[in-house]
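Have a look at the structure below before the remarks.
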Protein chains: 2
Amino acid sequence: MSSAPVRLSAASLRTTEQPINYFIQQALENPRLISLAAGLVDPLSLPADELAEATAHVLGRSDRARAALQYGTTHGYPPLRDKLLAHVAALDGVTPADLSLMADDVVLTTGSQQLLYLVSELLFDPGDIIITEAPSYFVYQSALNTFGVQTRTVPMDEDGMDTAALAALLARMERDGELSRLKLIYVCDYFQNPTGRTLSLPRRRHLLELAERYSKHQRIFILEDAAYRELRYDGVDVPSVKSLDRDNRHVLLAMTFSKPCAPGLKTGYGVLPRELIAPLLHLKGNHDFGSCNLTQHVLDRLLETGAYARHVEQLRHVYREKRDELLTALDAEFGLARQVGVRWTHPEGGLYVWLMFPPEMRTGPDSPLMRAALREGVLYVPGRFCYVGGNVPDHEARLSFGVVPREQIREAVRRLARAGHESSLRRCKASAPC
Amino acid sequence: MSSAPVRLSAASLRTTEQPINYFIQQALENPRLISLAAGLVDPLSLPADELAEATAHVLGRSDRARAALQYGTTHGYPPLRDKLLAHVAALDGVTPADLSLMADDVVLTTGSQQLLYLVSELLFDPGDIIITEAPSYFVYQSALNTFGVQTRTVPMDEDGMDTAALAALLARMERDGELSRLKLIYVCDYFQNPTGRTLSLPRRRHLLELAERYSKHQRIFILEDAAYRELRYDGVDVPSVKSLDRDNRHVLLAMTFSKPCAPGLKTGYGVLPRELIAPLLHLKGNHDFGSCNLTQHVLDRLLETGAYARHVEQLRHVYREKRDELLTALDAEFGLARQVGVRWTHPEGGLYVWLMFPPEMRTGPDSPLMRAALREGVLYVPGRFCYVGGNVPDHEARLSFGVVPREQIREAVRRLARAGHESSLRRCKASAPC
């Protein structure tokens, strides 16, 4: 029997377990936990009937069935790419031609996560630099670690990434000779995961202008993760950064069916500068030479009949009510705590509210608050998971209203408030005066 | 408008278009072509009704629908992993315990191609070495190029990879100090793509024994690509190399639903040494945090009802007839050519026959034979695509009986024979005496 050690690649050694797995485990082990942590979607509104109808349609006639069950292309089902191009343009009230786009600029992926991965593989060598919002989407950060990418961060406020701070960062990077390693700026610019914030229109313009201006050594791309765009519950829609990039040069738009339709279909899509399409497809050819073909045909049918649009409309009602319930519960349970500096965001869409305690109230996995929350039976994502580097804020929390039933939201927030009270009391006892 | 150049990663620059795309293009542009090139499956026997029934079952009850349409896990749907473990063990007539296996050693992937990719990402740094059969599966070779892996090859005969030659190669690599960079031996050991050959049992034992013996610096793994195993039409089944690896230490088994069921589901699976599971799932978490969940639930139902087993049984009949038709046509059209050294394999399963001309009859994309074949209206895969390095054989062809209708097989071979005759004549005229 061989006892030779396993030797993994450098990329694999740079890759660690997703921190979120800890929470999945907690939820599995303690079924009475109410999870405000999970990034799952509302289970009750999943479009099972619509998908059953569409699948029956696709599989019910032999020519359609054969096309859906045979190998597809690496690029994705052409009629679906046509529809998605029209869909994306319609969201911005423009035509594809206005944005110099055609259907070949659209690529289907295994969720938008695969697009994020492929874009990273396409652009990054170890030591290259990405700029992200702080806080940012933590699952993507894990992929960036695998590629050995250095992350520089830009603070956010209620209007999203602070592009004045971005401008200062870029100037500093130029001075320090780092600009040649900067390949990508990543923004989740609609109802951001984790904060729920949306990038304002003036900042969208500024962001694109900065990417153009600093593309001195090589093209600096913007990866616009618009996964939540279609889930707007109030306020006025804001154009995508993609729609401002009229020559299709700088912006890679990442979209998905996971949030507005069903994650189990695992179908996302990207709209990319034309020069990136062929090299990205060459990489994707290595990965899988095409994502699940059947679900692409089913989604094509869903778009064709209008069932998709109707479903998204219904979903907005469902999530609007859940968001309102969460904000109402936060007002009720944490209203007084505002006096000691507790705050939270009021997102106009998406699935997340960002809860900010005073700096001394730690929220991390080993914090008194987390221990109290687990005792009380509620789970949140510690804000520190959404930052990179050593000295990160540890007094924030992501609350998701995606998967939790509406009628449990109030109770979840009540438990969280009790946990906050408990851990504050303990802190006071340990270090009086409070 | 920015004119800064796009700068891609080193991995991307190592990645080129799949040569097969040329043939896809040819087939699209010339619809009267009969393609013996495409690696697609038989369209008429795709299990549309069975999949429609299974999907209706999954989506027809709300609890099942919610489970299938929500996010799944990175690892894959647990009941399906249970069934696949039992399935794989049953193919070898053993229990999972006999092989030190449990369901957590099974991972679901986006086709078996994604497993091949993930295993490569897991193990390889640029400059590392893989050993493959010559010829070998060309799509995987493209991924190996991306990772900057060096490929060493071992010749084959009718019993698959020549393990005596492998032993000599390993001894040479040890002498040359290269053994520390050898991570993986890749074999497609059932009805190989492209040759149709199957690795004999004594060689399976020898292969494993060599991997164990030479695991001196680090574990040398065997990637056993058994995509075609279930498509056996005659002869006696041979145990997997995996089943000989009783301590689950060396062999990574790659399986798929693409060939025995439907490629459009894009669902494959692997059975891996336990130590590799966690690091592989961390990588897969970056890629997509789980392959298509709906199709996993549908396939689970297909296995549960026995519809999968019944379908594979029917499929064997369909392909047996198509294989027989192809072999009969080759006998009829190329029988005389045996006298000048034309030969072909007689696979007991799978989708491919390997046609070998005398060395002076080139088959490459710019060869007289290929040009004549395109004029005649038939397409094959040039054998040279299945080799790596500079001075590769250029007188072989992969013929697939997967997608071509049975009634067109004879005509396809007739066209190929005419093309062979034409190009031989031209060669004779150009360089008499012939």
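The values are calculated or read from the model by the stated rules, or taken from the named source; none is laboratory data. Quick caveat, the model's predicted, so the values are computed rather than measured. Virtual Cβ from ideal backbone geometry, glycine too; neighbours counted across all protein chains shown. For accessibility, only protein heavy atoms count, side chains too; no ligands or nucleic acids. Shrake-Rupley method; radii C 1.70, N 1.55, O 1.52, S 1.80 Å.
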> What residues qualify as long-range amide H neighbours of A:Phe221, i.e. H under 5 Å apart, gap of 5 or more or another chain, H built at 1.01 Å from N?
Replying inline: A:Leu184, A:Ile185
> Give me the log10 of I(q) over I(0) for the protein assembly as shown at q = 0.06 Å⁻¹, as the Debye formula computes it from C-alpha points; what are the numbers?
Replying inline: -0.42
>> I'd like to know how chain B sits against the 2.2 N^0.38 Å rule of thumb: what's its Cα Rg over that expected value?
In response: 1.01
> Hey, which of these cross-link pairs are over 19 Å Cα-Cα: A:Lys259/A:Lys322; B:Lys83/B:Lys284; A:Lys216/A:Lys284; A:Lys242/A:Lys266; A:Lys266/A:Lys322; A:Lys259/B:Lys83?
Replying inline: B:Lys83/B:Lys284; A:Lys216/A:Lys284; A:Lys242/A:Lys266; A:Lys266/A:Lys322; A:Lys259/B:Lys83
>> So the label point sits 7 Å from Cα along the Cα-to-Cβ vector; using that for A:His217, what distances do you get to the other copies, in nanometres, sorted shortest first?
In response: 3.3
> At A:Arg338, with labels set 7 Å past Cα in the Cβ direction, how many nm apart are the copies from this one, shortest first?
Replying inline: 9.2
> Quick one: with all protein chains in place, what share of the accessible area of chain A is carbon or sulfur, to the nearest percent (1.4 Å probe)?
Replying inline: 53 percent
> Given a Förster distance of 30 angstrom, what is the FRET efficiency for A:Glu158 paired with A:Asn391, based on the Cβ-Cβ distance and rounded to 0.05?
Replying inline: 0.80
> Which whole-number value in Å² is the accessible area per residue of chain B, probe 1.4 Å?
Replying inline: 35 Å²
>> Can you list residues from other chains, or at least 5 along the same chain, whose modelled amide H is less than 5 Å from the amide H of B:Val378?
In response: B:Ile34
> Just counting partner chain Cβ atoms within 10 Å, what average do the residues of peptide B:86-99 show around their Cβ?
Replying inline: 0
> About the Cα centre of the protein assembly as shown, what is the dipole size in debye to 20, counting +1 per Lys and Arg Cβ and -1 per Asp and Glu Cβ, all else neutral?
Replying inline: 700 debye
>> In square angstrom and rounded to 100, what buried accessible area do you get between chains A and B, total over both, with the probe at 1.4 Å?
In response: 6700 Å²
> So who's got an amide H within less than 5 Å of the one on B:Gly349, skipping anything under 5 residues away but keeping other chains? H placed 1.01 Å off N, in plane.
Replying inline: B:Tyr233
> Taking a label point 7 Å from Cα toward Cβ, how far is B:Ala56 from its twins in the other copies, in nm, shortest first?
Replying inline: 0.7
> If you take the beta carbon distance between B:His421 and B:His317 as r and set R0 to 25 Å, what does 1/(1 + (r/R0)^6) give as a FRET efficiency, to the nearest 0.05?
Replying inline: 0.15
> Which residues of segment A:238-280 show a drop of at least 40 Å² in accessible area when all protein chains are present, compared with their chain alone (probe radius 1.4 Å, heavy atoms only, ligands and nucleic acids excluded)?
Replying inline: A:Arg249, A:Pro263, A:Gly264, A:Lys266
> Which sequence of B:Asp366, B:Asp105 reflects their accessible areas, 1.4 Å probe, from the largest down?
Replying inline: B:Asp366, B:Asp105
> Whole-Hz Karplus ³J(HN,Hα) for segment A:90-100, in order, using 6.51 cos²θ - 1.76 cosθ + 1.60 and θ = phi - 60°, x for Gly and Pro?
Replying inline: 4, 4, 9, x, 10, 9, x, 4, 4, 9, 6
> What do you reckon, how do A:Met156, A:Met370, B:Met102 stack up by accessible area (1.4 Å probe), largest on top?
Replying inline: B:Met102, A:Met156, A:Met370
> Say a paramagnetic label sat at a point 7 Å from the Cα of B:His217, along Cα to Cβ; which residues of segment B:149-184 have their backbone N under 17 Å from it?
Replying inline: B:149-153, B:169-184
>> Could you work out [θ]222 nm for chain A from helices alone, using -39500 (n - 2.57) per DSSP H run of at least four and dividing by all its residues? Round to the nearest 500 deg cm²/dmol.
In response: -13500 deg cm²/dmol
> Once phi is turned into θ = phi - 60°, what whole-Hz ³J(HN,Hα) does the Karplus curve with 6.51, -1.76 and 1.60 give for every residue of segment A:333-350, x standing for Gly and Pro?
Replying inline: 8, 10, x, 5, 5, 4, 5, 9, x, 6, 9, 8, 7, 10, x, 8, x, x
> Can you pull the mean other chain C-beta count within 10 Å for peptide A:116-122?
Replying inline: 4
> Given a Förster distance of 25 angstrom, what is the FRET efficiency for B:Asp247 paired with A:Asn21, based on the Cβ-Cβ distance and rounded to 0.05?
Replying inline: 0.35
> Each residue of segment B:60-65 in turn: what ³J(HN,Hα) in whole Hz from Karplus with 6.51, -1.76, 1.60 and θ = phi - 60°, glycine and Pro shown as x?
Replying inline: x, 10, 4, 5, 5, 4
